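Working notes for the structure below.
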Amino acid sequence: MPVQHAAATETIRDLAGSVRRHPALENDFYRHWMSGPLPFRQVEVFAREFYARTIDTTVMIALSVLHTDDLAARAARVKHLYTEYGNGDPDKAHLLLLERMLTGLLGRLRGGGYSVQELRAGGGRPETRAFGDARRALFTDADPRVVQGALLAQDALAHSTTIRMYEGMRNYKHLYDEEDFHASCEYFYVHICEAAKSDREELVAAAAGVCRDEVDLAQVRRGFDGVLDLTAAYWAAVHRAMRTPA
């Protein structure tokens, strides 16, 4: 059944707004992470899994460029990828900022140094690797409508995810000098600023642009719901691992 462009746009806008009520954001991991300072082992479990996931995220952005037909969406993804790699400055690549933040926090909690090699140890739990494989399948789906839905979900989650992560990090501010803490949190500040500059309406318009009927909407929703459900399962697995005795 055909749908009017205005109706499709409103449906996609409502879809993007629904992330606030989804377990991808409202979950036990975030409540635990923001509840107060956690012991070293729990923070280490989180740090290793989040780092493994973040390595995969930059790959997802690159793949989305190849698997999106819409020129405007491709341009937005290329711009996003450029910012992920420090706007041309390798020392400001987001993955390096994350490495410094996580190893610095873990070193302070342990009372000594903590290396990048330790952070990378294991390459992520099986659940984290399964999450990455399933998410990659969505971002490389042969149907561009599914890819648009996956992109919409990732961007819709970005700001709220970063805010929650930063609020948890603030529980460890007492371990740092004032300036050192904020320097360490550059990873979060960069992402908060980037998310704030993101034009949600452009993302909505890109997804609505591939929706001419209910079948199109269903395919966009498949990509969108797929990313959210995978994200919720990922955080549930991280939370279980954090709470499981060593």
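Please state the shape class of segment 62-175: rounded when a/c is under 1.5, otherwise prolate if a/b exceeds b/c and oblate if not, all from the C-alpha gyration tensor.
Details: a/c = 2.13, a/b = 1.85, b/c = 1.16.
Prolate, because a/c is 1.5 or more and a/b exceeds b/c.
Percent relative contact order of the chain, based on C-alpha pairs within less than 8 angstrom and at least six residues apart? If you can, show how the numbers build up before the last one.
Details: 287 pairs, mean separation 93.9, N = 246.
Relative contact order comes out at 38 percent.
In degrees, nearest 10, range 0 to 90: what is the angle between the Cα axis of helix 5-17 and the longest Cα principal axis of the chain?
Result, in degrees: 20.
Cβ neighbours within 10 Å, averaged per peptide: list 118-126, 70-78 in order, most packed at the top.
The most tightly packed comes first, giving 70-78, 118-126.
Considering only the other residues whose Cβ falls under 9 Å of the Cβ of Glu118, what net charge follows from Lys and Arg at +1 and Asp and Glu at -1? Mind showing how you got there, number by number?
Numbers: positive: Arg48, Arg120; negative: Glu44.
Computed value for this residue: +1.
Using only the alpha-carbon atoms, how far is helix 40-66 inclined from the longest principal axis of the chain? Give it as 0 to 90 degrees, nearest 10.
So the helix axis and the longest Cα principal axis differ by about 30 degrees.
What is the Cα centroid distance between segment 209-246 and segment 62-135, reported in whole angstrom?
19 Å
Quick check of the Kirkwood formula: for the chain, what is the inverse mean of 1/r over all pairs of different Cα atoms, in Å? Numbers along the way, then the final one.
Values: mean 1/r = 0.0533 Å⁻¹.
It works out to 18.8 Å.
Could you work out how far helix 144-169 tilts from the main Cα principal axis of the chain, as a 0 to 90 degree angle to the nearest 10?
Taking Cα atoms only, the helix is inclined about 30 degrees.
Whole Å is fine, so just give me how far the alpha carbon centre of segment 10-40 lies from that of segment 141-203.
12 Å
Report the full-extension gain for the segment Arg243 to Asp69: residue separation times 0.36 nm, less the Cα-Cα distance, to one decimal in nm.
On the way: separation 174, 0.36 × 174 = 62.64 nm, distance 4.29 nm.
Here the answer is 58.4 nm.
FYI, it's all coordinate maths here, none of it is from the lab. Fair warning: this is a prediction, and the values are worked out from it, not measured in the lab. As a convention, Cβ positions derive from the backbone with ideal geometry for all residues, glycine included, and neighbour counts pool all protein chains shown.
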